[in-house]
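Below is one structure; the comments refer to it alone.
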Amino acid sequence: MKHFFRTLSLWFSVSALIACNGEQRSVPVKVTFTIEAPTGTTRVPMPDPADEQAALHWTLLLFRDGELADYGISASTGAITRELERGSYTAWAVVNCPEEAFRPESVRTEQELEETVLDLGDNRLPGLLMAGRESLRIPEDTDGGTRTIPVDRLVCKAGIRKITVRMEDPALSARPFVLKSVYLTNCPRKGLLGRDATVSDLSAEEAWAHPMGYRSEPSVDALLADTGIDAGIASGASHTVPHLFYGCPNPVGSAGDSRSRTAWTPRCTRIVIEATVGGKTYYYPVTLPATARNKTYIAEEAIIRGLGSLDPEEDVPGALDVLFSTSTEDWSPAYQINEQS
């Protein structure tokens with residue numbers, strides 16, 4: 001499993017200390033920031049890995065003692081050059097994010113930057129949100145002419161590669177099985193740039209997409225749902241089209257999960273398979289652990305063995321086997337578990 005990272009290479013042209021009238025004075029250091037394209041391959045046929053890695057535009061923010069010292073925008077992947085005085089800096093790279101949220105009038109301190117709220121709907125394929133930072137000293141850390149900033153995606157990736165029907169009851173095997181939809185439920189639609197959100201950050205139901213079940217939300221459905229599939233799967237056969245989604249990290253783990261239908265409370269994200277068996281709708285939810293940015297949570301195969309539940313928040317023991325294994329995407333290590341429900 002390769003850890004995904006995108007790098008921003010800092011190319012420095014260091015001005016020497018110049019002697020003047022027997023004394024030395026410091027000349028600002030000219031610093032050129034550029035984006036280096038990532039390398040690596042993936043075996044997932046869809047979506048296009050290039051879309052997951054694409055950098056369309058980026059913003060550079062430089063802080064000294066927590067205060068914004070300099071700033072620049074590249075409308076593409078082009079370089080940004082700044083002249084910096086001697087001293088310590090924190091360099092932030094914010095990739096594919098809404099530019100207006102990171103202008104000097106919006107972000108004056110590094111703390112304000114870290115607490116910037118981003119909406120899941122700001123992500124696109126291509127154009128997933130990314131960010132990273134690196135500390136440096138001028139001119140000490142310019143020796144050799146280069147520095148590197150790792151940049152991670154701010155979303156996680158979850159889904160299922162393969163859905164197999166193996167009904168154990170011969171009577172169920174004879175009923176038509178039609179895969180209708182696959183989607184994520186209970187997915188936070190808000191995230192913070194500098195850290196993963198906490199449960200307290202996400203207490204309101206409005207901060208979540210598809211709470212307790214699928215609801216059409218045009219701004220995020222392209223990231224969270226594959227609907228209208230209508231694929232018949234015979235018992236013993238498989239649906240081999242991957243269904244992969246992108247969501248904001250969810251801090252709720254199994255210990256804090258809720259399946260209450262009477263009132264909203266934060267709860268685990270679930271991958272839900274929605275299907276009809278003999279014309280009646282059933283749900284097969286797969287509950288994820290607490291999720292984190294730039295990590296993958298992908299089932300290699302979901303094996304349906306019986307009738308699912310009538311509620312996307314509930315599962316039926318013995319109806320579904322889910323096989324998780326190490327993924328090969330250039331993201332950080334995947335969630336690994338074998339789950340039976």
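The values are calculated or read from the model by the stated rules, or taken from the named source; none is laboratory data. Computed from a predicted structure; not experimentally measured. So basically every Cβ, Gly included, is an ideal-geometry build from the backbone, and we count neighbours across all protein chains shown.
Here are some notes:
- Meets criteria (among the small types (G, A, S), modelled with pLDDT under 95 and over 14 Å from L202 (Cα atoms)) for A292: yes
- Against the numbered list (1) under 28 Å from E274 (Cβ atoms); (2) not assigned by TED's automatic domain parsing to the domain that holds L288, Q111 comes up short only at (1).
- The set of residues from region 243-267 being out of contact with any Gly (no Cβ under 6 Å at 6 or more places or on another chain) and under 17 Å from V155 (Cβ atoms) comprises Y246, G247, P249, N250, P251, V252.
Here is a yes/no grid of residues against (1) over 30 Å from G191 (Cβ atoms); (2) in a loop (DSSP other than H, G, I, E, B); (3) touching a helix residue (DSSP H, G or I) at 6+ places or on another chain (Cβ under 6 Å):
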{"position": "F245", "(1), (2), (3)": "no, no, yes"}
{"position": "P266", "(1), (2), (3)": "no, yes, yes"}
{"position": "T276", "(1), (2), (3)": "yes, no, no"}
{"position": "Y283", "(1), (2), (3)": "no, no, no"}
{"position": "V286", "(1), (2), (3)": "no, no, no"}
{"position": "A292", "(1), (2), (3)": "no, yes, no"}
{"position": "Y297", "(1), (2), (3)": "no, no, no"}
{"position": "G306", "(1), (2), (3)": "yes, yes, no"}
{"position": "P317", "(1), (2), (3)": "yes, yes, no"}
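- Residue that is touching a residue at least 24 places away in the same chain (Cβ under 8 Å) and crowded, with 20+ Cβ neighbours inside 10 Å, where the choices are V277, V252, V241: V252
- The set of residues in region 162-203 being surrounded by fewer than 22 Cβ atoms within 10 Å (Cβ to Cβ), charged (D, E, K, R) and assigned to a loop (DSSP other than H, G, I, E, B) consists of K162, R166, E168, D169, R175, R195, D196.
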